[in-house]
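Engineer: Pasting in a structure now, in structure tokens, and then I'll have a few things to ask.
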Amino acid sequence: MKILNLYACLGGNRYKWDEVRDDLEITAVELDPEASRLYRERFPNDRVIVGDAHQYLLENYQEFDFIWTSPPCPTHSRVRMSQKNKDSFIPMYPDMKLYEEIIFLQHNFKGGFVVENVVPYYEPLIEAQKRGRHLYWASFNLPYNINERKSVNWARIKDEITAWSVFHDYDFRQYKGNQRTDKMARNLVDYQVGKVILETFLGIEPENIEQRMLF
Ligand SMILES: C[S@@+](CC[C@H](N)C(=O)[O-])C[C@H]1O[C@@H](n2cnc3c(N)ncnc32)[C@H](O)[C@@H]1O
């Protein structure tokens, strides 16, 4: 089964996919060379392309059975918009590539797909499935409970990078690229969510996991 993992970052959504099936051929596309290098190190069997995921989708979608895409969320984010009264706030257009990809996949792609993003500060332009703080535009119904793990207990955490490293089972201090390490760490999809969504697409009943604070 061939999977395209777009805006792959460090593979949060992808981390547990090998537990779902052992015959996956995964192509990952990521623009940041350092994130791509680390992804390749983390998933040596995946094909990693350093380049523009948006263009890659357009030119290659037909080669895949399942496509996951996580376009960057900052220009849609409620957190960012909540800063708009600060002097440092820079107004930006919401990046419509998110909707381009949803419409493109809905009307052209015959396989399974998931487009993942944050709940935006505006009314979403296309109806989505909301789970926690995220929206999913998918070619199939997601379970009501996608087994999102509880985040770390921030009240007890002093060091954010360590907290995210535990949560995602990945040492983010390895990242030496141009993006801020804490921002990078916050990018990743909960690996349990990535696993449940792929299982759902494949008709596998997800197991319920224990929901607990990690610290
Ligand atoms: C929200 S994160 C994706 C998180 C990922 N799904 C995970 O669970 O680890 C978005 C990623 O897209 C990358 N990116 C931004 N623009 C891109 C582009 N045009 N093509 C490919 N990757 C891009 C960023 O470097 C970042 O790593």
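The values are calculated or read from the model by the stated rules, or taken from the named source; none is laboratory data. Owing to the predicted nature of the structure, the values given are computational and were not obtained by experimental measurement. Positions of Cβ are backbone-derived with ideal geometry, glycine not excepted, and every protein chain shown enters the neighbour counts. All accessible areas refer to the heavy atoms of the entire protein, side chains included, with ligands and DNA or RNA removed. Shrake-Rupley method; radii C 1.70, N 1.55, O 1.52, S 1.80 Å.
Engineer: A 25 angstrom limit on the alpha carbon distance is what I want to check against. Which of Lys110/Lys183; Lys110/Lys195; Lys16/Lys158; Lys97/Lys176; Lys2/Lys195; Lys97/Lys130 exceed it? The partial results should precede the final answer.
Structural biologist: On the way: Lys110/Lys183 34 Å; Lys110/Lys195 21 Å; Lys16/Lys158 28 Å; Lys97/Lys176 27 Å; Lys2/Lys195 16 Å; Lys97/Lys130 19 Å.
As for pairs spanning more than 25 Å Cα to Cα, those are Lys110/Lys183; Lys16/Lys158; Lys97/Lys176.
Engineer: Once you have all Cα-Cα distances for the chain, histogram them in 10 Å bins from zero and send the whole-percent values.
Structural biologist: 8, 33, 40, 18, 2, 0
Engineer: Right, here's the next one. Using the basic label-point model (7 angstrom from Cα toward the beta carbon), what is the Ser88 to Tyr136 distance in nanometres?
Structural biologist: Those two pseudo-labels are separated by 3.4 nm.
Engineer: A further question on this structure: So if a site counts as exposed when it's one of the trypsin sites (Lys or Arg not before Pro), its DSSP state isn't H, G, I, E or B, and it has at most 14 other Cβ atoms within 10 Å, what's the longest stretch of the chain without one?
Structural biologist: Longest site-free region, per DSSP loop and neighbour criteria: 22-83.
Engineer: Can you tell which of Asp182, Asp159, Asp95 shows the greatest fluctuation in a Gaussian network model of the chain with Cα springs below 10 Å?
Structural biologist: Per the Cα network of the chain with a 10 Å cutoff, Asp159 tops the list.
Engineer: Residue by residue through the stretch 85-99, what is 3J(HN,Hα) from phi via Karplus (6.51 cos²θ - 1.76 cosθ + 1.60, θ = phi - 60°)? Round to whole Hz and write x for glycine and proline.
Structural biologist: Whole-Hz 3J(HN,Hα) from phi for the stretch 85-99: 8, 7, 4, 7, 5, 10, x, 9, 5, x, 6, 6, 4, 4, 6.
Engineer: Right, here's the next one. For the stretch 32-126, what does the alpha-carbon gyration tensor say about shape, rounded, prolate or oblate, given a ≥ b ≥ c as the root eigenvalues, a/c under 1.5 as rounded, and a/b over b/c as prolate?
Structural biologist: Values: a/c = 2.64, a/b = 1.42, b/c = 1.86.
Oblate shape, in that a/c is at least 1.5 and b/c is the bigger or equal ratio.
Engineer: Starting from the Cα-Cα distance between Arg42 and Glu59, subtract it from 0.36 nm times their residue separation and give me the gain in nm to one decimal.
Structural biologist: Numbers: separation 17, 0.36 × 17 = 6.12 nm, distance 2.62 nm.
Working it through step by step, the gained length comes to 3.5 nm.
Engineer: Taking K and R as +1 and D and E as -1, what net charge do the other residues with C-beta under 14 Å from the C-beta of Glu101 add up to?
Structural biologist: On the way: positive: Lys97; negative: Asp52, Glu59, Asp95, Glu100, Glu116.
Taking every Cβ under 14 Å from that of Glu101, the sum is -4.
Engineer: Let me ask something else about it. With runs of 4+ DSSP H residues as the only contributors, calculate the mean residue ellipticity of the chain at 222 nm using -39,500 (n - 2.57) per run, divided by the residue total and rounded to the nearest 500. The partial results should precede the final answer.
Structural biologist: Numbers: 8 runs with 65 residues, N = 215.
That calculation yields -8000 deg cm²/dmol at 222 nm.
Engineer: Using each residue's phi in the stretch 4-13, evaluate 6.51 cos²θ - 1.76 cosθ + 1.60 at θ = phi - 60° and report the 3J(HN,Hα) Karplus result to the nearest Hz, with x for Gly and Pro.
Structural biologist: Karplus-based 3J(HN,Hα) across the stretch 4-13 equals 10, 10, 9, 6, 6, 6, 9, x, x, 4 Hz.
Engineer: State in Å² the accessible area per residue of the chain; use a 1.4 Å probe, count heavy atoms of protein chains only, and round to the nearest integer.
Structural biologist: Values: 11820 Å² over 215 residues.
So the chain comes to 55 Å² accessible per residue, rounded to a whole number.
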